[in-house]
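Step one of this worksheet: look at the structure below.
Readers should treat all values here as calculations from the given coordinates under stated rules, not as data from a laboratory. Note that the structure is a prediction, hence the values are computed from the model and not measured. Neighbour counts run over all protein chains shown; Cβ positions are idealised from the backbone, glycine included.
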Amino acid sequence: MALDLIELARQVPLPDNGARMAARNVVSPLGSAVGRLGEVAEWYAAVQGRCPPDPPTTWLVAVADSSEEAFTHVSFLTRVRDTGARGLGHALPLPIVSDLCVPEARTTDAPLGRDDAERAFSTGVAAATDGIREHHGPNLIVVVVVSPDAYVAAAALVCVLTGNDIASVVGRGPGVDDREWMRRCAAARDLARAGRRVLADGDVLDLLAASGSLQIAAAAGLMVRAVISRVPVLLDGPVSAAAALVTHRVSSRVARWLLAAHAAPDPGHAAALKKLRLSPLLDYGISTDDGTGPLLVVPHLNAAARLLVPLAGG
């Protein structure tokens, strides 16, 4: 059965404005004293649909290919989880870490078939549905894409969906010399050309096929299904931001359920967040796209939830 993107878009809800206004009534008397924490508190109450919201229960999903590098990275995520948890406080549940393997079915830096993109997107949708049920309804999801080729595909998507040129969205990053940067630009340029050809007449699945990454397709499906289930998504670096841009193409409402954890030192990441109208919470110069930034933000969400607790008593 073909995936019905129009029906999926119809199911994307809006956050609860009543809960947002209730949170605002608590935050407003505090004024500038709480800074952006008040803004985060309002968002968190709205996406949970209650004020005060519950403390964060986090599910970190690593969308990986079948390469040895990817599986090594997924193992690393468990250590990131354990390290990050030390700063979460004993009152918070330990983040859940799981992986979703989407094997590659193409040559490097080449477009996919539409059927491949649709299967990957549907895999992400199904994984979100099953995972939310299995983990008893986490109220926060972090999606990490683990694939050696995902960055190039992400840069191409950002280029197409923001209107920026390739050179302005492809970052250098640690260990990227001039030769590697030029290779990335050339590969992203070719994928972006294919993406532009389908942008006017095709849909999201055509665009994902042109981008050449099954993992980004699966991540986009997972994000869409999460917000349909009223579970917000914490964005990490440039690859997860590119997947979020794709979900925004499915429905502009998706962006209301997204929170940018941090500002990665990558021009494509900045361009994607600008298009989504999201302001990152942290700016620690974290260049990894492995869930570290979002896990550092979880205590901030807990603080935002605690800020609203007085409402319960009065």
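Once C-alpha pairs closer than 8 Å and six or more residues apart are averaged by separation and normalised to the residue number of the chain, the relative contact order reads 26 percent.
Take each peptide in 123-134, 296-307, 155-166, count the other Cβ atoms within 10 Å of every residue, and average; sorted highest first, the result is 155-166, 296-307, 123-134.
Here the chain is assigned +1 on the Cβ of each Lys and Arg and -1 on the Cβ of each Asp and Glu. Its dipole about the Cα centre then comes out at about 1040 debye. Mean residue ellipticity, 222 nm, helices only, the chain: the sum of -39500 (n - 2.57) across DSSP H runs of n ≥ 4, divided by residue count and rounded to 500, is -17500 deg cm²/dmol. Averaged over residues, the count of other Cβ atoms within 10 Å places the peptides 20-27, 177-184, 232-239 in the sequence 232-239, 20-27, 177-184, highest first.
For the ranges 8-16, 260-268, what's the packing order if you count other beta-carbon atoms within 10 Å of each residue, average per peptide, and put the highest first? Don't skip to the end; give the middle numbers.
Values: 8-16: 16.0, 260-268: 23.3.
So the order, starting with the most tightly packed, is 260-268, 8-16.
One chain, two ends: His136 and Arg306. Fully extended at 0.36 nm per residue, the span grows by 59.0 nm beyond their Cα-Cα distance.
A Förster radius of 45 Å, combined with the Cβ-Cβ distance separating Thr129 from Val176, puts the computed FRET efficiency at roughly 0.75. When the Gaussian network model of the chain links Cα atoms closer than 10 Å, the mean-square fluctuations of Ala241, Ala153, Ala33 top out at Ala33. For the chain, the longest principal axis of the C-alpha atoms and the axis of helix 214-228 are separated by about 30°. Ordering Asn25, Gly195, Ala271 by Cα displacement along the dipole of the chain toward the positive end leaves Asn25 in first place; charges were set at the Cβ atoms of Lys, Arg (+1) and Asp, Glu (-1). Once you sort the root eigenvalues of the Cα gyration tensor of segment 256-314 as a ≥ b ≥ c, which label holds: rounded (a/c under 1.5), prolate (a/b larger than b/c) or oblate (the other case)? Because a/c hits 1.5 or more and a/b exceeds b/c, segment 256-314 counts as prolate.
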